[in-house]
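Report on one structure; see the data block that follows.
The values are calculated or read from the model by the stated rules, or taken from the named source; none is laboratory data. Bear in mind that the values here come from a model prediction, so they are computed numbers and not experimental data. Every residue, glycine among them, receives a Cβ derived from its backbone with ideal geometry; neighbour counts consider all protein chains shown.
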Amino acid sequence: MSVRHTHRLLLLGLLLQGALFASITAPVARAQSEIPDPPSAGSDEPIPPMIEETRQSFDRVMTASDGGNREGVASFRLYYDFLCSQVYLETVMNKPRAATTMARELDKWLADKAQGGSPTAQFWMAERAGIVGSCSNDVSDVAEAERWYRASAEQGFAPAQSALGQILIMGYEFRREPFEPEKWLLQAVRQGEVRADQYLLWAIDVDSIRPGYAPSPEIFAWLQQQSDAGDEKAKRILTRLAPKN
């Protein structure tokens, strides 16, 4: 792929980023609109002021998220995705410049926020491993992700509760109690986390074929509710769990 074509793709991505920022409501949208575009590969512009502007903008977004307003959190993934892709481009071109420096500084800031107890930053410490892995040959550290997801989930952060539940469905070595995925996914469902209900059904489906499984009263009640609402998968699981006469 030519450098010119790559730059066109990055420009298109930044335009899409701007469209997303414009669609999010105030006051978080104002903070997002202040986030400067990631510097393009090979840029010679001075970057310390840009780093500080970006840090301040994300600080406002994450503070709002920690307080319950999570509308702006999507901007972090979009921004980090493009920053990561530009770091990769700079590495391939053997010209580590603006994006590489920004990524290093923002990672340090994110780690400091997470260590300071921000559930949103803790969630993103886990998420960033996958983002970075997509831009390199590094293998994602699942144990590290589980640790940060759990720290965030324990503070009631619904996206982390859902993500932790998903890891625990198949990652038996990370479970602290039997059938733990259902506990976290049910909490995420109760907060209205997107698709958490589908993951909860998956967790119950996996657990229900294991010896000695018995759903908790809360899980059974939720499963019955889903079945009564017409969910065919919930009906099949309830049939499987029905006592044999």
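Tell me yes or no: at least one residue of segment 161-168 is closer than 17 Å to V73 by Cβ, surrounded by fewer than 19 Cβ atoms within 10 Å (Cβ to Cβ) and modelled with pLDDT of 95 or more.
no
Is at least one residue of segment 42-50 surrounded by 18 or more Cβ atoms within 10 Å (Cβ to Cβ) and modelled with pLDDT of 50 or more?
Among the residues of segment 42-50, at least one is surrounded by 18 or more Cβ atoms within 10 Å (Cβ to Cβ) and modelled with pLDDT of 50 or more, which makes the answer yes.
What number of residues in segment 51-71 are among the charged types (D, E, K, R) and modelled with pLDDT of 90 or more?
Total meeting the criteria: 3.
Which of the residues spanning segment 81-98 are crowded, with 19+ Cβ neighbours inside 10 Å and polar (S, T, N, Q)?
The answer is S85, Q86.
Among the residues of segment 234-241, is any farther than 30 Å from R104 by Cα and either acidic (D, E) or touching a Lys or Arg at 6+ places or on another chain (Cβ under 9 Å) (or both)?
Checked against the condition, which is being farther than 30 Å from R104 by Cα and either acidic (D, E) or touching a Lys or Arg at 6+ places or on another chain (Cβ under 9 Å) (or both), segment 234-241 yields no hits at all.
Mind checking whether some residue in segment 178-196 is in a loop (DSSP other than H, G, I, E, B) and farther than 26 Å from G72 by Cβ?
Yes, segment 178-196 has at least one match.
For segment 210-229, name all the residues that are among the polar types (S, T, N, Q) and at pLDDT below 95.
S216 - this is the single residue of segment 210-229 that is among the polar types (S, T, N, Q) and at pLDDT below 95.
Do you know which residues across segment 197-245 are β-branched (V, I, T) and assigned to a helix (DSSP H, G or I)?
Residues satisfying the conditions are I204, V206, I219, I237, T239.
Out of V206, V194, which single residue is more than 14 Å from the chain's Cα centre (by Cα), among the β-branched types (V, I, T) and surrounded by fewer than 17 Cβ atoms within 10 Å (Cβ to Cβ)?
Going through V206, V194 in turn, the sole match is V206.
Taking segment 140-183 as the search range and keeping residues that are within 15 Å of the chain's Cα centre (by Cα) and among the aromatic types (F, W, Y), which one is farthest from L223 (Cα to Cα)?
W148
Could you run through segment 146-171 and say how many residues are within 22 Å of D205 (Cα to Cα) and of a type in the set (A, V, I, L, M, F, W, C)?
8
Considering (1) within 24 Å of I167 (Cβ to Cβ); (2) modelled with pLDDT under 85; (3) exposed (fewer than 15 other Cβ atoms within 10 Å of the Cβ), say which one L78 fails and leave the rest.
If we test L78 against (1) within 24 Å of I167 (Cβ to Cβ); (2) modelled with pLDDT under 85; (3) exposed (fewer than 15 other Cβ atoms within 10 Å of the Cβ), just (3) comes out false.
Filter segment 84-102 down to the residues that are aliphatic (A, V, I, L, M) and within 23 Å of R55 (Cα to Cα) and list them by number.
Matches in segment 84-102: V87, L89, A98, A99, M102.
Scanning for something over 21 Å from F157 (Cα atoms), modelled with pLDDT of 90 or more and of a type outside the set (D, E), does segment 119-142 turn up at least one residue?
no
Taking the conditions exactly as written (surrounded by fewer than 15 Cβ atoms within 10 Å (Cβ to Cβ) and at pLDDT below 95), does E177 satisfy them or not?
Here the answer is yes, as E177 does meet what is asked.
Go through segment 155-177 and report how many residues are within 25 Å of A242 (Cα to Cα) and either hydroxyl-bearing (S, T, Y) or part of a loop (DSSP other than H, G, I, E, B) (or both).
The total comes to 1.
Given the condition surrounded by 18 or more Cβ atoms within 10 Å (Cβ to Cβ) and in a loop (DSSP other than H, G, I, E, B), answer yes or no: does some residue in segment 112-132 qualify?
Yes, segment 112-132 has at least one match.
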